[in-house]
Structure formats: structure tokens, C-alpha cells
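Asker: Have a look at this one before I ask anything.
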């Protein structure tokens, strides 16, 4: 039933803006880090979406595990590679459709960032950065629905894109506060695993943005802890066909996350 398989869920994990506070030493350094974050997101479908999805908003909360590696050159150029994966999670996209049951959700994303750090005499730092991000998110379909309603077991959304942004770091309270923002251009692909006539759709050059605020404190020259808040908003433009006419509709994803991580520099 095409109207079921093409009703898109929307979760693009976030475009990350890597900001390396106090990384402007005149020597080459490496940093590894790991932590967890709580993510709250909503997926809203415009009124022109498929029947059953039109005007609906799905919500979910999940924890993600985050690890990464950074390389800072003496010229204050840095590179950062990070990986994020959701822990146990579910979604309520089908709430009200199949007795309000929740189904499994999984998300994983890899981000490569490069940037340049400018340090002012006052200790304030300004960073310009850009990079690439690739993510994959899946939403399981209800297992106990009426036969024939769901001809697939999961939907999968792959997104790939580039981002660019800037940030500022301010020393205070024995550590450093950081604030950054980024714009992204993404391409998204939706598909399901139906054995017959699987669904496949594309959204090109989706525009989105993210905002980030954080605080870093160093226990020693090598060991530090960071906490951050992040807000992300993305709008995907898709098209469906109704009675031979192409009908555009939007799927808007919003994510708010709060996380903490430990880092070790060597």
C-alpha cells in the first residue's frame, strides 16, 4: 500500500559543529573523547503529506553514545572525526494507528570536520569550520498490524551533506564557554525493505541549521570534561503523486540535545 510506505518519518540527526576550545597551542596535539547525550526530537508532516500523515507530528526521546578523535596542528588548523549511535530507542510515528504501540528506532552518524582557530590576546578564540556528515536512521514498522497494511519491516533514511559555520570561545569560571552555529545542505533518500515494489524517494539540497552552546573544564592539561546544548532544525522537501499530479510536501525535523563527554589530550 504505497500511501503507507511513502509516509515519511523524518530524523536526520544532526549536523554537528565541532568546536575545540583552548586548542591553540603552538604544538601538534591529539585528542580522544567519548560521552552520552539525551536527544529529544519531533517529526512534523505538512498538510499536503500522504493521508494519515498529513498534519501529524511524531515525537521521541533517546540516548546516544558519542566518540571521536581530533588532530590539532601547530598552525591552529584542526580535523575532527566523530561517530554517534543511538542506544535503546523507540518512536511513536504510528501512535493512534495501531493501538498506540511504539516501535524501535536506530540512528548512526559519522561527521568529519575541519577548521581554523584564531586566538585573541584576551584569550577569546574564533573558529571557522566546515565538513561532511553521513547518517542513517531506521524506523521499525508495527509487527502486529493487520496483514497487508505494512508490507515492510522498516523504513530507512540516509542523508549526506556538507556544512559550514563559525564559533567563539570565551574563558570564564576556570574553563571556557563556547558558542557556534552552522548551516547545512543535505541530500536525503527514503526507502523501505518491502519485498515487492519497495518504496524509494529523494529530497535534494535540503537546507538546515544548528546552534550549539557548551562549557569545557580541564582537570589537568590532558584530561577535561565538556557539557553542551544543541538545537537543530531541518526541512526536507518531497513530492508525491496524486491522480497524476505532483504534490509537494514538507517533513520538518527538530532536535534538542544535551550531552556530556570526557576528553584526553596527548
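Rule-based calculations on the coordinates, nothing more; no lab input. Since we're looking at a predicted model, the values are computed, not measured. Quick reminder, even Gly has a Cβ in these numbers, built from the backbone with ideal geometry, and neighbours come from all protein chains shown.
Asker: Looking at the chain as a GNM with Cα springs under 10 Å, which of 232, 176, 221 has the largest mean-square fluctuation?
Answerer: 221
Asker: Still on this structure, I have one more. Only Cα pairs under 8 Å and at least 6 apart count here; give the relative contact order of the chain as a rounded whole percent.
Answerer: Answer for the chain is 21 percent.
Asker: Here is a further query. Below 8 Å between Cα atoms, with a sequence gap of 6+, how large is the relative contact order for the stretch 96-187 in percent?
Answerer: 26 percent
Asker: Related question: With a 10 Å Cβ neighbour count serving as the proxy for reagent exposure, in which order, fewest first, do 127, 160 appear?
Answerer: By the 10 Å Cβ count, ascending: 160, 127.
Asker: If you don't mind, another one. Could you order peptides 72-78, 89-95 by the average number of other Cβ atoms within 10 Å of their residues, highest first?
Answerer: The most tightly packed comes first, giving 89-95, 72-78.
Asker: Ok, one more. Helix-only mean residue ellipticity at 222 nm, the chain, DSSP H runs n ≥ 4 weighted -39,500 (n - 2.57), per residue, nearest 500. What is it?
Answerer: It lands at 0 deg cm²/dmol.
Asker: For an R0 of 45 angstrom, estimate the FRET efficiency from the Cβ-Cβ distance between residue 211 and residue 245 and round to the nearest 0.05.
Answerer: That pair, residue 211 with residue 245, gives E of 0.75.
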